Amino acid sequence: MSLIIRHEEDEQRQMTVIVEVPEERVQKKMRQVARKVSQGVNIPGFRKGKAPYNIVVRYFGEASLRQDAVDELLQPVFQETLAEIAVDPYAQPHLHDLKIDPLVVEFLIPLAPEVKLGGYRSMRKEIEPIEITDEAIDEALKQVQERHQVVEPVERPIEAGDLVTLGGEGRLKDEEDEAIAAIFNEERLELTMEGDSIFFGQAFVDPLLGLSAGESKTFEITFDEDFGDEELAGREATFTIEIHEVKSRKLPELDDELARDEGEFDTLDELRASLADELQKRAEEQAKSDLLEEMVDRLLEDVEMVYPPAAIQQEVDNMINEYKQQVTQSGWDWEQFLTLQRTSEEKLHEEWAERGEERLRRRLALQQFVFDEMLQVNSEDLEAALDARIEAMGIDDEELRNSMRQIFQGPGGAEMMANEVIIDKAVKRIEEIFAGEALSLEEIKAAQEAAQEAAQEAAEEE
């Protein structure tokens, strides 16, 4: 009673599989179903489960028994088919067609994407060293001052640097000098009266200086031609703003006392050095991310890539699940949240399809780069990354360090650490490629084979 299987792959990495199930197997399953269903009903003249098969067929109907038998056969038939054709579905297979009598099943199976990268190893780029400027450190120190500032309501007009609660609206003007699209609409918004901290700049701050709580003012702004938002650059806007509350801000002095208030620092110099170190680490992480994104951009410029439509669907499903997790972790009920947003999972699928495909293409390109470059993660890599992670936490208690180690060695933590390690290795390889210093793929393969042989010999000696 072997299955008769025919399969064919299309140009979108989908395999159509048609399976003919022998009638003997269907009939055998129908008899099993008949015995099972007859045990739960009273058929006149027979004890439960003792009625002959032909009586059960007349009582329940052959079509009903066949349908139940087919329902029970579908999953095992599918599993047998996969084993027979030796295919590992990349995404959820789809029951494309089903004929009950005789039983013929048609599956559509998404196959793994195929990716062929171009000549990325010839790419070159000069990578600038990361330098933290004194201006950046000064800005970080200013943020420390602001965290420790003293804010008090005042009964006086607004002065530069005050913290002001305001509301109102701002609208762009058209060629006829009429107010049109709203670019600002707030009931209560707290802003510091400093031009470099407000999106609309000093031109928004200056007209408000001298106003007191309860007062309002209408004024116009002409944005510079090189304004950061292209939609606003070179255009005029009218604002009507009402002042609700004025607060003074008193910043602490930049001295050793501020350093002690901020943390475990004895001097301002120690605080400054710590900020510089933190800025350096952030800049390095950002540089790694930027370099990785640039490489993926360039890989996608010269790539042959084929993937099934179901891969896009699966990517969007993952995006929605990630979004759902964020929403529920924030305390929202998912369905209630969707209702308030006037959307649904179906609409999100439609709206995010293009973004999902882009994310899929970027992920596939990076995965292929990792595969082509033979980048691997071993136990020593994970151990070193784990030690570095725990060290960075600054935990002195040995028991707590061991607890954190167990967490990171768990299923989710281990996967996260492995991803971080492989990304670090990918960035390092990209730097080598851009600098023209990467070993050839043949040299990399030979080195890995030599390392494996050495490890095997060491294990045999032990």
Worksheet item: Cross-link list 116/425; 50/99; 142/281; 173/217; 116/281; 116/324: which exceed 26 angstrom alpha carbon to alpha carbon?
Response: 50/99; 116/281; 116/324
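Which value, in debye to the nearest 20, gives the size of the charge dipole of the stretch 406-462 about its Cα centre, when Lys and Arg are +1 and Asp and Glu are -1 at the Cβ? It would help to have the intermediate numbers written out before the result.
On the way: 4 positive and 14 negative charges, 83 e Å.
For the stretch 406-462, the charge dipole is close to 400 debye.
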Response to the item:
The distance between the Cα centres of the stretch 287-362 and the stretch 262-286, in whole Å, is 35 Å
Worksheet entry | Pairwise centroid distance, computed over Cα atoms, of the stretch 17-68 with the stretch 145-198, Å | 77 Å
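Would you please name the GluC sites (Glu not before Pro) within the stretch 229-280 that are DSSP coil residues with at most 11 other C-beta atoms within 10 Å of their C-beta?
Details: sites: 230, 231, 236, 242, 245, 253, 257, 262, 264, 270, 278; in loops: 230, 231, 253, 264.
Passing both the DSSP loop test and the Cβ count: 230, 231, 253, 264.
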Fill in: Assigned charges on the beta-carbon of Lys, Arg, Asp, Glu; the chain dipole about Cα centre (debye)
4580 debye
Worksheet item: How do 149-155, 345-351 rank on mean C-beta neighbours within 10 Å, highest first?
Response: 345-351, 149-155
Practice prompt. Give, as a single signed number, the net charge of other residues whose beta carbon lies under 11 Å from the beta carbon of residue 182, with Lys and Arg counted +1 and Asp and Glu -1.
Written response: -1
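Which peptide among 389-401, 360-372, 428-440 comes first, and what is the full order, when sorted by highest mean count of other Cβ atoms within 10 Å? Spell out each step's value before the answer.
Numbers: 389-401: 10.8, 360-372: 17.6, 428-440: 14.8.
Going from most to least packed, we get 360-372, 428-440, 389-401.
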Item to complete: Please tell me the relative contact order of the chain in percent, rounded to the nearest whole number, where contacts are Cα pairs under 8 Å and at least six residues apart.
Response: 15 percent
Fill in: Crossing angle, helix 268-300 versus the chain [Cα axis fit, 0-90 degrees, rounded to tens]
40 degrees
Practice prompt. Give me the angle, in degrees from 0 to 90, between the Cα long axis of helix 398-408 and the longest principal axis of the Cα atoms of the chain, rounded to the nearest 10.
Written response: 50 degrees
Response to the item:
Within the under-12-Å Cβ sphere about residue 124, not counting residue 124, Lys/Arg +1 and Asp/Glu -1 give a net charge of -1
Fill in: Cβ-based net charge around residue 395, under 15 Å, with every Lys or Arg adding one and every Asp or Glu removing one
-4
Discussion item. What are the ³J(HN,Hα) couplings of the stretch 27-40, residue after residue, when phi is run through the Karplus curve with 6.51, -1.76, 1.60 and θ = phi - 60°? Round to Hz, x for glycine and proline.
Written reply: 5, 4, 5, 4, 5, 5, 5, 4, 4, 5, 6, 6, 6, x
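Which value, in debye to the nearest 20, describes the size of the charge dipole of the stretch 333-432 about its Cα centre when Lys and Arg Cβ atoms bear +1, Asp and Glu Cβ atoms bear -1, and nothing else is charged? Mind dumping the intermediate values first?
Values: 13 positive and 25 negative charges, 73 e Å.
Here the size comes out at about 360 debye.
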Worksheet item: For the stretch 307-438, what relative contact order do you get, as a whole percent, if you take Cα pairs closer than 8 Å and at least 6 residues apart?
Response: 23 percent
Fill in: Leading residue at positive end of dipole, the stretch 334-447 (Cβ point charges), from 388, 422, 334
334
Worksheet item: Can you give the three extents of the C-alpha atoms in the chain along their principal axes, from longest to shortest, in whole Å?
Response: 99, 69, 53
Response to the item:
residue 323 and residue 253 label points (each 7 Å along its Cα→Cβ direction) are spaced in nm at 5.3 nm
Discussion item. List the trypsin sites (Lys or Arg not before Pro) within the stretch 1-65 that DSSP assigns to loop and that have no more than 16 neighbouring Cβ atoms inside 10 Å.
Written reply: 47, 48, 50
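Relative contact order of the stretch 15-102, please, whole-number percent, based on alpha carbon pairs below 8 angstrom and at least 6 residues apart.
Numbers: 45 pairs, mean separation 27.7, N = 88.
Over the stretch 15-102, the number comes to 31 percent.
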Worksheet item: Quick one: helix 441-461 against the long Cα principal axis of the chain, what's the angle to the nearest 10°, folded into 0 to 90?
Response: 70 degrees
Worksheet entry | Gyration tensor (alpha-carbon) shape descriptor, the stretch 111-217, a/c threshold 1.5 | oblate
Practice prompt. Rank 412, 86, 73 by how far each Cα sits towards the positive end of the charge dipole of the chain (+1 on Lys, Arg Cβ; -1 on Asp, Glu Cβ) and give me just the farthest.
Written response: 73
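How would you classify the stretch 185-253 from its alpha-carbon gyration tensor, with a ≥ b ≥ c the square roots of the eigenvalues: rounded for a/c under 1.5, else prolate if a/b is greater than b/c, otherwise oblate?
Oblate, because a/c is 1.5 or more while a/b does not exceed b/c.
Throughout, read-outs are computed from the coordinates displayed, never taken from laboratory work. These figures come from a predicted structure and were not determined experimentally. Reconstructed Cβ throughout: ideal geometry from the backbone, glycine too, with neighbour counts over all protein chains shown.
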